[in-house]
Amino acid sequence: MKMNGNTILITGGNSGIGRALAEAFHALGNQVIITGRRQATLDAVTAANPGMKGMVLDLADADAIKTFSADLAAAYPSLNAVINNAGIMVPEHIGAGSDYLSTAEETITANLLGPIRLIAALLPQLSTQEDAAILTVSSGLAFVPMALTPTYSATKAAIHSYSMAIREQLKDAGPQVIEIVPPYVQTSLMGERQASDPNAMPLADFISEVMDILTLQPGVKEVVVERCKPLRHAVENGNFDAMFNGINSMSH
């Protein structure tokens, strides 16, 4: 992936990892377009980063994705990269009946169907561009699930599998497919407590390492920061049970 001169769409670019990635790519001279569900939060980010653009998108709305993609192609015909970052992470208690099921379905729609639908909608345009790239954001929990967030963990495992499969399909003529695998990072994904949790990786450190990997390894398939490698390689290293028990003892 080239690091400047791109036109990049970043979903969920109004907060957390999405905003930090948007600002990092913006600083390198890329045209960055961010999405979010609320215009006010998009306006706050673009005001702080002159030249960055914001477009409202609810990834849970299949029809909205189609309309959005058509509008995006018309407004930004040079679009050559998308970072599928938007997602939700909500604790689930399977004994809660319909309340649990509602959370599970919302999580699947946002974290899995959303990126699949958006990639499908954007692929015709991306396939015409040189230096095109599709980036997905999974999680260390794709490899070692957290019992407190079973559907979130499952959607991230699915994103990992999906990324591998479309990478293989597109290897000869399509966009480069890169998976970013975050560890536990200081964001507000699960509330403000996470944003200041000393057990979480500082957001600035995470973004710095991600950008370094993308810069130094332009053909990289998975961006796995050092802090996430124990999760990513738990099975290969024979440490899965210990990692699983460790994560789930802390999340109770």
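The values are calculated or read from the model by the stated rules, or taken from the named source; none is laboratory data. Predicted model, so just to flag it, every value in this text is computed and none were measured. Here the Cβ positions follow ideal geometry from the backbone for every residue, glycine too, while neighbour counts run over all protein chains shown. What goes into the accessible areas is simple: the full protein's heavy atoms, side chains included, and nothing from ligands, DNA or RNA. Shrake-Rupley method; radii C 1.70, N 1.55, O 1.52, S 1.80 Å.
Which listed residue (L59, T41, L113) has the Cα farthest towards the positive end of the charge dipole for segment 33-157, taking +1 on Lys and Arg C-beta and -1 on Asp and Glu C-beta about the Cα centre? Result: T41, furthest along the dipole toward the positive end.
Taking GluC sites (Glu not before Pro) as exposed when their DSSP state is a loop state and no more than 10 other Cβ atoms lie within 10 Å, the longest site-free interval of the chain runs over 1-129. With both labels modelled 7 Å from their Cα along Cα-to-Cβ, the H233 to T215 distance reads 2.4 nm. Helices in the chain, meaning DSSP H runs of at least 4 residues, each add -39500 (n - 2.57). Divided by all residues, the mean residue ellipticity at 222 nm is -13500 deg cm²/dmol. Under 5 Å from the amide H of E222 lie the amide H atoms of E179, each residue being 5 or more positions distant or on a separate chain, with H modelled from the backbone and absent for Pro and chain starts. Efficiency by 1/(1 + (r/R0)^6): what FRET value for K66 and D241, r their Cβ-Cβ distance, R0 = 51 Å, to the nearest 0.05? FRET efficiency, K66 to D241: 0.70.
Its relative contact order, with pairs defined as Cα atoms under 8 Å and 6+ residues apart, puts segment 97-252 at 24 percent. Amide H contacts of G54 (H built 1.01 Å from N, in plane; Pro and chain starts excluded): I34 sit under 5 Å, all sequence-distant by 5 or more or on other chains. The spacing between segment 147-164 and segment 1-69, judged by their C-alpha centroids, is 23 Å.
Solvent-accessible surface of segment 69-190, averaged per residue with a 1.4 angstrom probe and all protein chains in place: 41 square angstrom. In whole percent, what relative contact order does segment 120-159 give with Cα contacts below 8 Å and a gap of six or more residues? The value is 35 percent. Entry note, segment 47-178: relative contact order of 27 percent, from Cα contacts under 8 Å with a spacing of 6+ residues.
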